[in-house]
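Colleague: Have a look at this one before I ask anything.
The values are calculated or read from the model by the stated rules, or taken from the named source; none is laboratory data. Model, not experiment: these values are computed from the prediction. Here the Cβ positions follow ideal geometry from the backbone for every residue, glycine too, while neighbour counts run over all protein chains shown.
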Amino acid sequence: MSVLNLGSLEPREYQKNIAKTASEKNTLVVLPTGMGKTLVSLLVAGDRLEKYPDDKIIILSPTKPLSTQHKTTFESFTKIPHEQIILLTGKVRPEDRTELYKKAKIIIATPQTIENDLENSRLNLNGVSFIVFDEAHRTVKEYSYSYVAKKFRLQSKNPLILGLTASPGATQEKIQEICDNLFIKAVEIRSESDLDVEKYVQPVERENIYVEIPEEFKKTKVLLEEVLKDDLHWLKEHHYTFTYKPTKKMLLDTQRKVIGSYMHGSKNFGAFWAIMRVAGAIKILHAIELLETQDIGFLYDFLKRLEKSKKKTDTRLFKDPRMREAVKLSEELSISNVEHPKLGKVVDVTKNLLGKKPDAKIIVFANYRATVDKINDLLKQAGIKSEILIGQAIKEGKGLTQQQQVEVLKRFNEGVFPALICSSIGEEGLDVREVHAVIFYDQVATEIRRIQRGGRTGRTVPGKIIHLITAGTTDEAYYHASIRKEKKMKGMLYKMKEKGIKRKGNLLDWV
């Protein structure tokens, strides 16, 4: 007898096909956001509970809002008593968790909670036959997913693993690491153009809106670029980099190397100056990015913090008169209320969308929390109801608790306000229905974040994705980089789906 109670929820052809594979072997499922990864996990969970009726299953996801959504799903579409479907986070007392494990049939939890309880022998996975790793692209390095998967393989009598993600990454190394850490034996990927998918896909219109850097910003930018050039040339001429124009990633890699070398014995004068120069270059690159993509006020705040800093790397920078001039210019522009044109554009675009469809739901993504607040304020000043969705408390300012995040999403889903302004927390798996448009205030260099942001729209109704891009800047470079990476990633995954996975490490792990 089936434990599922799907009612009118009819699985799609591709979901059934994927679930069939995932019921037989450890599978990494790569589906665009909104194409029903959760239903796949539900179908496989039902199969496992019927096959092993005395066992438990675990659903892991990285945040409480995501975990709350999984709990609602399993309560709505299974016949399992609600008291046997438990949600656990670190806020539940350890002794209470021990008792809850005993009565639970379905355990929905954050991975750190499960890792902690495994380490402290409050939980054994002997009687667990299925674990879902939601947002499986996190299964790299020391993230808790890797530890839990290894323990599961060691302790369970009948282990089956399902990894879910919209994008595992654009490099062979990262995809391989995820597959190794989750003991994956099959990859199931679908995109909008697949034959068993295209009839379910809603049309999504795409629009790029380009703006130019204000003339008033350019003098400040030139000053910063001159300071940056000095540090980059020093690093190249002293053979710490191989180009006069390294990317931020190259500089961060160089920084790790020189600090590592300095800490392990090479405490010479050259290594000391390399640390100073590379740190300065990274900070100036960040300052230029703020100027190009955010707003002059954010640049001024950042430079002022550096100027007041007592760190040697920062005091060195501000011995340069060009840096002090950059602070002065950015302060004058900030006081004069000269704003980045994207700020006005995001208001205009939102107004236009609501003018065409007054009940539209719109999500605006921004990389920085200060930008989230600024956009929210501007929309309200323009008479548009909006709220913010950000993470928990930070060093400066206030965040939203996980419960507050859940409440904001509930109000947005109910249509209480039309515009939701999100930081990166809105990218992963949140169940927001009928979003009519997504606006990228700034661009992201990774295909993972681009796919996740864009996937908020076009789920149940036709959607629109709008990119605001500052021409000739890091905005534009990130935009094109993310497209290239997405194309490369899909090529690798389809190849893995067709030809299988090359396994690494101890072969006994794959038995």
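Colleague: Please work out if Ile421 is farther than 16 Å from Thr63 by Cβ and within 17 Å of the chain's Cα centre (by Cα).
Modeller: For Ile421, the condition - farther than 16 Å from Thr63 by Cβ and within 17 Å of the chain's Cα centre (by Cα) - is met.
Colleague: Restricting attention to the range 329-344, and to residues there that are aliphatic (A, V, I, L, M) and over 28 Å from the mean Cα position of the chain (by Cα), which single residue is surrounded by the most Cβ atoms within 10 Å (Cβ to Cβ)?
Modeller: Here the answer is Leu333.
Colleague: So, in the range 113-138, how many residues would count as being assigned to a loop (DSSP other than H, G, I, E, B), buried (at least 21 other Cβ atoms within 10 Å of the Cβ) and either in contact (Cβ under 8 Å) with a residue 40 or more places away in the chain or in contact with a Ser or Thr (Cβ under 7 Å, 6 or more places away or on another chain) (or both)?
Modeller: Of the residues in the range 113-138, 1 are assigned to a loop (DSSP other than H, G, I, E, B), buried (at least 21 other Cβ atoms within 10 Å of the Cβ) and either in contact (Cβ under 8 Å) with a residue 40 or more places away in the chain or in contact with a Ser or Thr (Cβ under 7 Å, 6 or more places away or on another chain) (or both).
Colleague: Just one of the numbered conditions (1) in a helix (DSSP H, G or I); (2) at pLDDT 90 or above is not true of Pro246; which one?
Modeller: Just one mismatch for Pro246, condition (1).
Colleague: Then there is this: Name, by its number, the condition in (1) within 30 Å of the chain's Cα centre (by Cα); (2) in a helix (DSSP H, G or I) that does not hold for Lys102.
Modeller: In the conditions (1) within 30 Å of the chain's Cα centre (by Cα); (2) in a helix (DSSP H, G or I), Lys102 misses (1) alone.
Colleague: Starting from the range 19-37, keep only residues that are more than 21 Å from Ser193 (Cβ to Cβ), then list their pairs with residues that are modelled with pLDDT of 90 or more and in a loop (DSSP other than H, G, I, E, B) whose Cβ atoms are within a distance under 6 Å, requiring at least 6 positions of separation or different chains.
Modeller: From the range 19-37, the pairs are Lys25/Lys185; Asn26/Phe183; Asn26/Ile184; Asn26/Lys185.
Colleague: Exactly one of these conditions fails for Ile108: (1) in contact with a strand residue (DSSP E or B) (Cβ under 6 Å, 6 or more places away or on another chain); (2) at pLDDT 95 or above; (3) buried (at least 22 other Cβ atoms within 10 Å of the Cβ); (4) over 23 Å from Gln392 (Cα atoms). Give me its number.
Modeller: Of everything listed in (1) in contact with a strand residue (DSSP E or B) (Cβ under 6 Å, 6 or more places away or on another chain); (2) at pLDDT 95 or above; (3) buried (at least 22 other Cβ atoms within 10 Å of the Cβ); (4) over 23 Å from Gln392 (Cα atoms), Ile108 misses just condition (4).
Colleague: Still on this structure, please answer the following. Taking Ile108, is it among the hydrophobic types (A, V, I, L, M, F, W, C), in a helix (DSSP H, G or I) and either in contact (Cβ under 8 Å) with a residue 24 or more places away in the chain or outside the structural domain of Ile184 (by TED's automatic domain parsing) (or both)?
Modeller: no
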